[in-house]
Amino acid sequence: MPKKAKRKRGLLVVISGPSGVGKSTVVRRLFKIYPGLEMSISSTTRTPRPGEEHGHHYFFITQEEFDLRVKQGQFLEWAKVHGSYYGTPRKFIEEELGKGEVVVLEVDVQGAASIKRFVEEGKLKASAVFIFLIPPSVDILAFRLKKRKTEDEDVVNYRLRAAIAELQVMEKYDYIVVNDKVESASEKIKAIINVEKERTLLN
Ligand code: 5GP
């Protein structure tokens with residue numbers, strides 16, 4: 001009888017996309033329809049938006065604390081995005097991957113590029129899949145950013161320009177998912193994870 005295939009290492013699911021594309025909403029929905037995924041919670045120096053909770057959406061920390069964590073090597077990768085700093089927790093990710101878990105990460109294009117490099121260089125013992133979430137159109141993205149109402153107009157315009165620049169790098173990703181509806185976008189990501197899990201078994 002053939003030996004049962006065993007997943008040797010975990011799977012990193014890296015999700016990027018322009019600000020306002022609805023990443024967090026889609027990821028939240030994904031966790032509802034796909035039990036058993038692990039979410040990586042980043043640390044940031046950004047101030048919380050209304051409704052955001054420490055330890056749930058992010059660990060909201062001071063610049064001093066962030067710098068200290070960088071020095072201590074606590075971040076797998078970190079980057080400055082829209083004027084604030086964001087860092088991915090190294091220990092959590094390495095532990096979960098070591099257990100063969102599927103870990104979902106929401107990072108910007110710089111973070112995704114770093115993670116891709118670590119995996120390719122073998123510094124991170126994992127399989128990884130890179131997913132870029134896009135809005136159905138730039139007009140819809142502008143509308144969503146304005147609707148958020150938590151940032152002033154300059155910030156919205158800046159983020160919109162950054163979003164258009166980010167869209168240029170999307171061909172570096174394995175999959176591009178259009179966020180037309182939260183339900184279908186999260187279903188598409190679920191399907192991608194299932195396929196990638198099967199592929200990992202063969203590694
Ligand atoms: P927001 O402030 O809207 O929550 O996030 C701004 C950007 O930072 C998003 O593109 C988000 O994916 C990215 N981001 C969040 N956490 C991290 C992280 O740990 N590392 C990197 N490189 N980007 C992050």
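The values are calculated or read from the model by the stated rules, or taken from the named source; none is laboratory data. Note that the coordinates shown come from a computational prediction; the quantities given were computed from them, not determined experimentally. Backbone-built Cβ (ideal geometry, glycine too); neighbour counts: all protein chains shown.
Given the conditions (1) closer than 24 Å to Val177 by Cα; (2) within 11 Å of the ligand (Cβ to nearest atom); (3) in contact with a Lys or Arg (Cβ under 9 Å, 6 or more places away or on another chain), and given that Ser84 satisfies all but one, which numbered condition is not satisfied?
(1)
Out of the strands (runs of 3 or more DSSP E) lying entirely within segment 80-178, which hold 3 or more residues that are among the aliphatic types (A, V, I, L, M)?
Filter on segment 80-178 gives 102-106, 127-134, 175-178.
Which residue out of Lys3, Lys32 is at pLDDT below 95 and under 22 Å from Glu196 (Cα atoms)?
Of the residues listed, the single one that is at pLDDT below 95 and under 22 Å from Glu196 (Cα atoms) is Lys3.
Could you check Gly51 against (1) part of a loop (DSSP other than H, G, I, E, B); (2) among the small types (Gly, Ala, Ser); (3) closer than 28 Å to Val195 by Cβ and say which number it fails?
Condition not satisfied by Gly51: (3).
Kindly indicate whether any position in segment 161-174 is of a type in the set (Phe, Trp, Tyr) and modelled with pLDDT of 90 or more.
Checked against the condition, which is being of a type in the set (Phe, Trp, Tyr) and modelled with pLDDT of 90 or more, segment 161-174 yields at least one hit.
Being touching a residue at least 40 places away in the same chain (Cβ under 8 Å) and on the phi > 0 side of the Ramachandran plot: is that true of Gly20 here?
Spelling it out, Gly20 is indeed touching a residue at least 40 places away in the same chain (Cβ under 8 Å) and on the phi > 0 side of the Ramachandran plot.
For His54, only one of the following conditions fails: (1) away from the ligand (no atom under 11 Å from the Cβ); (2) surrounded by 14 or more Cβ atoms within 10 Å (Cβ to Cβ). What is its number?
The single condition His54 does not satisfy is (2).
Return yes or no: is Arg90 modelled with pLDDT of 95 or more and charged (D, E, K, R)?
Criteria met by Arg90.
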